[in-house]
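> Here's a structure for you.
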Amino acid sequence: MGKDETTGRPSHLVPQPVPHSALRIPQSSSASARREFLRTGSLGLGTLALSWLLAQEEAQAVPKNAPKAEQMRFDLLPKQPHFEPRAKAMISLFQHGGPSHMDLTDPKPELSKFSGTDYSGDVQYSFANNASKKLFGTPWKFRNYGQCGTELSELLPHLGEIADDICLVRSMHTGANGHEVSIRFFHGGIPGVLGRPHYASWLLYGLGSSTENLPAYMVLTDPGGHPVDGASNWSSGFMPPLFQGTVLRPKEPRILNLDPPPYLQGEPQRQNLELLQVLNRRHAAKFPDEADLEARIASYELAARMQTAAQEALNISQETQATQKLYGLDQDATREYGTRCLIARRLVERGVRFVQLFLAGQPWDNHSNLGTALPAICKRTDQPSAALVTDLKQRGMLDDVVVHWGGEIGRLPVTQDQGGPEKNGRDHNGQGFSNWFAGGGFKPGIVYGATDEFGHRAVENVVTPNDYQATLFRLFGLDWQQLIYQHNGQEQIVTAGRPARVVEEIFA
Amino acid sequence: MSVSGMSARWRAAERCCVALVIVMVLVSERTIAAQDAETAGRVAFFESRVRPLLLERCIKCHGPKKSEAGLRLDSLATALKGGDSGPAIDRLKPEASLLLKAVRHEDGLEMPPGKTLDAVDMAALTKWIHDGAAWREPLVAASNGPAVRGGPITKEERNFWSLQPVTDPQPPEVDDRISVRNDIDRFVIARLRAVGLTWRPRADKRTLLRRVTFDLTGLPPTPADLDAFVADESPDALATVVDRLLASKTYGERWGRHWLDVVRYSDTAGETADYPTPLAYRYRNWVIDAFNADMPYDEFIREQIAGDLLAKQLVADSDSQDLSDETLRQYQRLMEATGFIAVSRRFGFDVENYHHLTIQDTIDTLGQSVLGLTLGCARCHDHKYDPVNVADYYGWYGIFESTRYSFPGSEQKKRPYDLFPDVPEAVAAARKTDHDRQLAEVTNQLEEALKLKEESSDHSQRIAELTAKRDALNRATPYGQIYGALDRDAPADAFIQIRGEVSKRGDQVPRRNLEILGADALPDSGVSGRLQLAKWLTRPSNPLTPRVMVNRIWQHHFGRGIVGTENDFGTRGDAPTHPQLLDWLASRFVESGWSVKTIHRLILNSATWQQSNEFDAATAERDPGARLLWRMNPRRLSAEEIRDAMLFVSGDLDATMGGEHPFPPVEQWGYTQHNPFYAVYPSKRRSIYLMQQRLKRHPFLALFDGADPNVSTAHRELTTVPTQSLFLMNNEFVHERAVSLALRVLKESASDAERIRSLFRITLSRLASAEEESGTLAFLSEYQSALRESGAAETDLEQKAWAAFARTLLTRNEFLFVD
């Protein structure tokens, strides 16, 4: 792999002053090269747009002393990673609110044994007003699942069925109890700091897209509304909007305006769009630093192709009854989340790089009524989440696709007192909690890391969100320290220079 | 403190600042904007977040009294030098800073002993070091506040820049050779010159006209506007245009919208079933009219907070019989203004159970919109960053708790109530009596007539007439209704809700003004206090109200305020890029009698605003976002502008102002959480008149980044996503506009060249170049061939081809952006 002489970085990761996009027209090459480009551009300009352009060949002066910013072109063309990648796509099932690990994935016999007595250690509370130090053993039973024997709660029977396929990390740690603080840590790299790109934007920046027909980064939100922190959950931060997530509508039709009026379908619309794009490009050439203009041009190109590709990708009626049933589409409790999990699979199947599912608000934030609220959200998500892994595996896709399940924090081993056992819940806990991964190079059937005997703090093989990012990037073939983005004269990386390590122990 | 001590302190501070700037330049070739606008913000961040933390958690062992492990953290120099283990702060490699490692318990370091820092403090420390560890000496002599603030407001907090009285600075002298247009330019060019930059030349006339027309009206100029402007060679040509636009009714439809963003205007309530609020439109119209009338901004604010009380005063000394029509109209307008309070967001299944949240929404919105302060935080605890405490919050809370808000209806109660008459009580009573009398009379006559078993055509006609008359009276209301606010009968002070929990009652606190604004008490406990609050917020000694508003006006002309966080003038907000200019503008604002249009004129007639958006790579490297205003930043049209401009140029715009929404009649309301109210009403009026809901956004406005009507929106974040492109390519709305536009030019002229000329002038306010003209002709003919091949009927090929070309005009970036 070549290195760039001035930076010493792999050359493909240094932004090149070369026009990339298939429709981008070289400004500086010779007229004959331009013609050749126009004829052979992978999307193929129609004769009309071509004649329009060629007629103006002379009129269009190449700007002298092209400003430096113009050379910072961004595109989504596929790029070579640093290493042989093990993962090509990822689906993140984000569980907003902080799933209660000691009730779900991290059995704590000591906690049950001392349930009701006072905890002797320090507790980091968020809501000190109704905090107690009373240990609260889980009311649910755990048992061993699969050949690997991983212990999981009876609230997640479907996860149990795929125990041999998942890599369960019980030692996640953000160090911060707040939701937003930790969410931003996971997505943006620094606790609590907004305005940074989601790590998926980094993946797009480093790897490009492997589909020309669909947005490379898609977000499936909940019909109940946006998650906590809203649209900043899929922001490209200081990167151009080309790298931001595209949100699908939470209900049918998931994308509006996919069809042109019938008489325009086909050739007429294509001609129309080509002309539009030619005009847009000429306009953009006058504003070399306006990323928005470029982004809108790219989005027209994508939109044109999405018209057919998205229709097809979102049409889950093509799936067999058996598949639909696997995801729980036949049951009220699981239909909605199951549909989104199934759509996520169809999207990555068609080359989408990153899909993230969100829940409305924070259904896992069980400060109160743990006894009823927790089973309800488990019921809604357990079967579809497990089905996704099963389905990908059946199709031979799990080798290339990472499935991530987890929230930004976990919950405390002590009671959050709400005035009665049936009303009680648990407060936030960013000191130790669980996430699980499957596919894409993660070692299946293992448990990694551990919290203390009560489940408050991660004490063994601690994994931070920065480790999470570095590890994922490695599976995608990227060295997180080498994937650099220049922003306002500063070199930025996904972890913002915070300590991180690739957790190689959990690689298959 | 002795004089010499003071000057030594100043010298130290100065040295420190110089060192800081040098370090920043060396480290990363930071841009001017970063050095300059951000340094102030970073020092403020140090003051509010880091200084208290160091004082409380570190200095005892690492300060003047003790220096454990050789480390002292009471000055920047000692912190950089570090102790036995090495430098505590490493500005070149922030993450290598031992201070961070210690508080994170990394590399065997664990500090401070005892309770570890909480996440907020840890994040603050991280951000601070990453941002270059700005510092202001001396550390120890300053206030010994807690980590995040709380408790009594300190002198230092009162000294925060935005709370200082508005000054009237002298515009800087500038080089004679620079041609400034007005005093704004002096501030701006002096600032640019100080860092070795300069501004761009004046934009061409076409650009200026398009820019000013969109800025003031949200619509493009017409070809006639363009011709008139180009023909006017007088030096005041632009000023003339500005006056014309400011006098146009379309001005209020654009600037009213900016205000509606800030007060999160909506046509529904926002509780679980999103009940419609069919009368809210009267407040919307009031806002538009107020902007058009250039209502003095202080009055504008007072009426929104206490319009009902001002209305009462208006008629207090008159006999209800003698009220003139003008007085009655004024009364109505004052009542309409209180819609500001009623459009507060509602919560839950049974709205009344969550009224405390609605009051918080009122207080929060009022704080952000008028004062640029986030007061809502103080519901649960003393504000962590700004000098606002729980007692301040509940001092205001009592005022709004003593206020009756119109009730919108809810899943639990289905029907609205507390809709108030838009006429004085006595008039309402008189009209009702009169109305009832008429109704009784007609009903009586009808009954009598029905008793007569006469069978003549005259008789049946009479019955029909009487029936119609009765029905009309039944439908008519003797006076209009207002979705607004009135005082409660028994106003009272509020009890603090401990940690914001309504069931945990704390001390009762008197209704009063915020402490930082004077802590004024009410003159008499028998009033709610809204009228007093309205006056406190708009009196000359309050520096925030005028600063915040001129900043908003500036923002909507330049894309960004002088203070970039337009809703937050607190310690976490941005520092102003041009503090002197901000105060100068605020002074002009108050001096002009709070005239918004005066500020528009000042800004639009400046060379600063009239600059071209010409790009300059060297300057852009130093000030990428042009925050120092070395050029005009191009901007994308807002959602409303895109829709309105398409309707306008196609000739399809229904320019009728105002208007109610065709909501279902109230008798039919039965909305629930599972079956909430949702409707989209088609319309060809301007977008400000579209019905906007809280729970489900209007599909077009949501797609193109319209304001979220659930929270005060200071600044719209713009996105660029393929779903927007799909709308522009395929939505019927765009196709219909293109057809109308095509028909418009086809009718206008038989010559293709004329039609092309006209299309470009209508949509882009410019002529087509010769190439564009020949290219268009080529397109039209090729396109018709393509249509013919795809089997389209021969009859409308021409129109379809022109419509297709019109569509490329309406959806191209040149149309969607303002230069």
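> Keeping all protein chains in place, calculate the accessible area per residue for the stretch B:694-792 (probe 1.4 angstrom), answer in Å².
Roughly 39 Å² per residue, with all protein chains present.
> For the stretch A:350-453, what does the relative contact order come out to in percent, with C-alpha contacts under 8 Å and a separation of six or more? Numbers along the way, then the final one.
Working: 119 pairs, mean separation 30.7, N = 104.
Result for the stretch A:350-453 is 29 percent.
> Tell me the relative contact order for chain B as a rounded percent, counting alpha carbon contacts under 8 Å between residues six or more apart.
On the way: 1269 pairs, mean separation 135.8, N = 819.
RCO, chain B: 17 percent.
> Once phi is turned into ³J(HN,Hα) by the Karplus curve 6.51 cos²θ - 1.76 cosθ + 1.60 with θ = phi - 60°, what whole-Hz value does each residue of the stretch A:205-214 show in order, with x for glycine and proline?
Result, ordered by residue: 4, x, 10, x, 10, 9, 9, 8, 10, 9 Hz.
> Could you work out the relative contact order of the stretch B:683-797, using alpha carbon pairs under 8 angstrom and six or more residues apart, expressed as a whole percent?
10
> For the interface of chains B and A, what total accessible area is buried with a 1.4 Å probe, rounded to the nearest 100 Å²?
5300
> What nm distance separates the two modelled labels at residue B:488 and residue B:433, each placed 7 Å from Cα along Cα→Cβ?
3.2
> Using protein chains only (no ligands, no nucleic acids) and a 1.4 Å probe, work out which residues of the stretch B:597-634 have their accessible area cut by at least 10 Å² relative to the chain alone.
SASA drop of 10 Å² or more in the stretch B:597-634: B:613, B:615, B:617, B:621, B:624, B:631, B:634.
> Another one. Return the FRET efficiency for the residue pair residue B:198, residue B:156: r is the Cβ-Cβ distance, R0 is 51 Å, and the value is rounded to the nearest 0.05.
The calculated FRET efficiency here is 0.85.
> Could I ask something else about it? Report in % the part of the accessible area of the protein assembly as shown that belongs to carbon and sulfur, leaving out ligands and nucleic acids; probe 1.4 Å.
Numbers: 26790 of 51780 Å².
That fraction is 52 percent.
> When the Cα centres of the stretch B:80-114 and the stretch A:338-410 are compared, how far apart do they sit, in Å?
The distance from the Cα centre of the stretch B:80-114 to that of the stretch A:338-410 comes to 39 Å.
> Still on this structure, I have one more. State whether the stretch A:103-172 is rounded, prolate or oblate according to the following rule on the C-alpha gyration tensor (a ≥ b ≥ c being the square roots of its eigenvalues): a/c under 1.5 gives rounded; otherwise a/b larger than b/c gives prolate, and the remaining case gives oblate.
prolate
> Follow-up question, since we're still on this one. What does DSSP give for chain B in terms of the percent of beta bridges that are antiparallel, rounded to the nearest 5?
Expressed as a percentage, antiparallel bridges in chain B total about 100.
> Peptides B:498-504, B:251-257, A:287-293: what's the order by average Cβ count within 10 Å, highest mean first?
Result, highest mean first: B:251-257, A:287-293, B:498-504.
> Also, quick follow-up: At a 1.4 Å probe, which residues in the stretch A:249-278 are at least 40 Å² less accessible with all protein chains present than in their chain isolated?
Going by heavy-atom accessible area, the residues of the stretch A:249-278 that drop by at least 40 Å² are A:257, A:261, A:263, A:264, A:268, A:271, A:272, A:275, A:276.
> Around residue A:134, under 10 Å between beta carbons, what's the net of Lys plus Arg minus Asp minus Glu among the other residues?
Net charge in that neighbourhood comes out at -1.
> A further question on this structure: How far apart, in nm, are two points set 7 Å out from the Cα along the Cα-to-Cβ line at residue A:311 and at residue B:539?
Result for the modelled spin labels: 6.8 nm.
> DSSP loop (so not H, G, I, E, B), at most 12 other Cβ within 10 Å: list which GluC sites (Glu not before Pro) in the stretch A:414-472 pass both filters.
A:422
> Residue B:591 to residue B:109: extension gain in nm, 0.36 nm per residue of separation minus the Cα-Cα distance? All intermediate terms of the calculation are to be shown ahead of the outcome.
Working: separation 482, 0.36 × 482 = 173.52 nm, distance 5.90 nm.
So the chain would gain 167.6 nm between residue B:591 and residue B:109.
> Let me ask another. Per DSSP H run of n ≥ 4, the term is -39500 (n - 2.57); total these for chain B, divide by its residue number, and report the mean residue ellipticity at 222 nm rounded to 500 deg cm²/dmol.
-15000 deg cm²/dmol
> Return the average number of partner chain Cβ atoms within 10 angstrom of each residue Cβ along peptide B:123-132.
3
> Rounded to the nearest 5, what % of DSSP beta bridges with both residues in the protein assembly as shown are antiparallel? Kindly include the intermediate steps, with their values, before the conclusion.
Values: 43 of 65 bridges.
Rounded to the nearest five, the antiparallel share is 65 percent.
> Which chymotrypsin sites (Phe, Trp or Tyr not before Pro) from the stretch A:120-194 combine a DSSP loop assignment with at most 16 other Cβ atoms within 10 Å? Kindly include the intermediate steps, with their values, before the conclusion.
On the way: sites: A:125, A:127, A:136, A:140, A:142, A:145, A:185, A:186; in loops: A:125, A:127, A:136, A:140.
Taking the stretch A:120-194 and a limit of 16 other Cβ atoms within 10 Å, the loop chymotrypsin sites (Phe, Trp or Tyr not before Pro) found are A:127.
> Going by average Cβ neighbours within 10 Å, how do the peptides A:226-237, B:159-170, B:295-306 rank, with the highest at the top? Write out the running numbers ahead of the final one.
Working: A:226-237: 20.4, B:159-170: 15.0, B:295-306: 23.1.
Ranking the peptides A:226-237, B:159-170, B:295-306 by packing returns B:295-306, A:226-237, B:159-170.
> Need one value for A:495-503: mean number of C-beta atoms belonging to other chains within 10 Å of its residues' C-beta atoms.
Mean shielding by partner chains, rounded to a whole number: 3.
> Counting only other chains, and only Cβ atoms inside 10 Å, what mean value do you get across the residues of B:797-803?
1
> Round to the nearest 0.05 the FRET efficiency obtained for residue B:525 and residue B:773 when R0 = 60 Å and r is the Cβ-Cβ distance.
Computed FRET efficiency for residue B:525 and residue B:773 comes out at 0.20.
> Using a 7 Å offset from the Cα along the Cα-to-Cβ direction at both residue B:633 and residue B:66, what is the distance between the two label points in nm, to one decimal?
Distance between the two pseudo-spin positions: 5.0 nm.
The values are calculated or read from the model by the stated rules, or taken from the named source; none is laboratory data. Just so it is clear, the model here is predicted, and its values are computed rather than measured. Neighbour counts are summed over all protein chains in view; Cβ atoms, including those assigned to glycine, are modelled from backbone coordinates with ideal geometry. Quick note on the areas: whole protein, heavy atoms, side chains included, nothing else; ligands and nucleic acids left out. Shrake-Rupley method; radii C 1.70, N 1.55, O 1.52, S 1.80 Å.
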